[in-house]
Amino acid sequence: MYSEKVMDHFSKPRNVGEIKDADAVGQVGNAKCGDIMKMYMKIENDIIVDVKFKTFGCGSAIATSSIATEMIKGKTIKEAFRLTNRAVADALDGLPPVKMHCSVLAEQAVKTAIYNYAQKNDLYFEELEGFDPDDLECHH
């Protein structure tokens, strides 16, 4: 049911933890939904030089958080903002349909952290147009 990559990222998640003096923090999900993802980023010259996550949720939520951090580390904030849930799922060699919402949460956590960074630093870029973390909802 789960790919080897999902099992690998669940049993040995990468980049777990928090960054105390993070430049960007994004949290999505809620206890009602069942999964909560929090993403921390250290950003220098618009490059994500470090990223960590804390996820409360199922194995798929942990695996998608882990792979998403690997996919955006070293990328510019604009590149990272373009991360899609489909790319996250594909990087894990797929997710069961009932777990696709976990990849959506991973995408939203990344985007919410970047939105947080942009707000704090008075940055504007086209990709942020129309993005509002308060509009995000659970996809169960």
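Of all residues in the stretch 19-28, those being in contact (Cβ under 8 Å) with a residue 24 or more places away in the chain, over 13 Å from the mean Cα position of the chain (by Cα) and surrounded by fewer than 19 Cβ atoms within 10 Å (Cβ to Cβ) number 1.
For the stretch 84-132, a residue qualifies if it is of a type in the set (Ser, Thr, Tyr) and either touching an Asp or Glu at 6+ places or on another chain (Cβ under 6 Å) or closer than 23 Å to Asn30 by Cα (or both), and the qualifying residues are Thr84, Ser103, Thr112, Tyr115, Tyr117.
For the stretch 80-98, a residue qualifies if it is farther than 13 Å from Lys5 by Cβ and assigned to a helix (DSSP H, G or I), and the qualifying residues are Ala80, Phe81, Asn85, Arg86, Ala87, Pro97, Val98. Here the condition is being surrounded by 15 or more Cβ atoms within 10 Å (Cβ to Cβ) and farther than 22 Å from Phe10 by Cβ; of Lys42, Lys52, Lys120, it holds for Lys42 alone. Given the criteria surrounded by fewer than 24 Cβ atoms within 10 Å (Cβ to Cβ) and touching a Pro at 6+ places or on another chain (Cβ under 7 Å), does Met7 qualify? It is false that Met7 is surrounded by fewer than 24 Cβ atoms within 10 Å (Cβ to Cβ) and touching a Pro at 6+ places or on another chain (Cβ under 7 Å).
Tallying residues that are closer than 15 Å to Ile47 by Cβ and of a type in the set (Val, Ile, Thr) within the stretch 60-110 yields 5.
Kindly check whether there is at least one residue in the stretch 114-124 that is among the basic types (Lys, Arg) and either over 19 Å from Phe56 (Cα atoms) or without any contact (Cβ under 8 Å) to a residue 40 or more places away in the chain (or both).
So in the stretch 114-124, the residues among the basic types (Lys, Arg) come out as 120.
Among the residues that remain, those that are also either over 19 Å from Phe56 (Cα atoms) or without any contact (Cβ under 8 Å) to a residue 40 or more places away in the chain (or both) are: 120.
Looking through the stretch 114-124, at least one residue is among the basic types (Lys, Arg) and either over 19 Å from Phe56 (Cα atoms) or without any contact (Cβ under 8 Å) to a residue 40 or more places away in the chain (or both).
Here the strands (runs of 3 or more DSSP E) wholly within the stretch 1-79 that include at least 3 residues being out of contact with any helix residue (DSSP H, G or I) (no Cβ under 8 Å at 6 or more places or on another chain) are 36-44, 47-56.
We did not get these values from a lab; they are worked out from the coordinates using the rules stated. Fair warning: this is a prediction, and the values are worked out from it, not measured in the lab. Cβ sites come from the backbone with ideal geometry, for glycine too, and all protein chains shown count toward neighbours.
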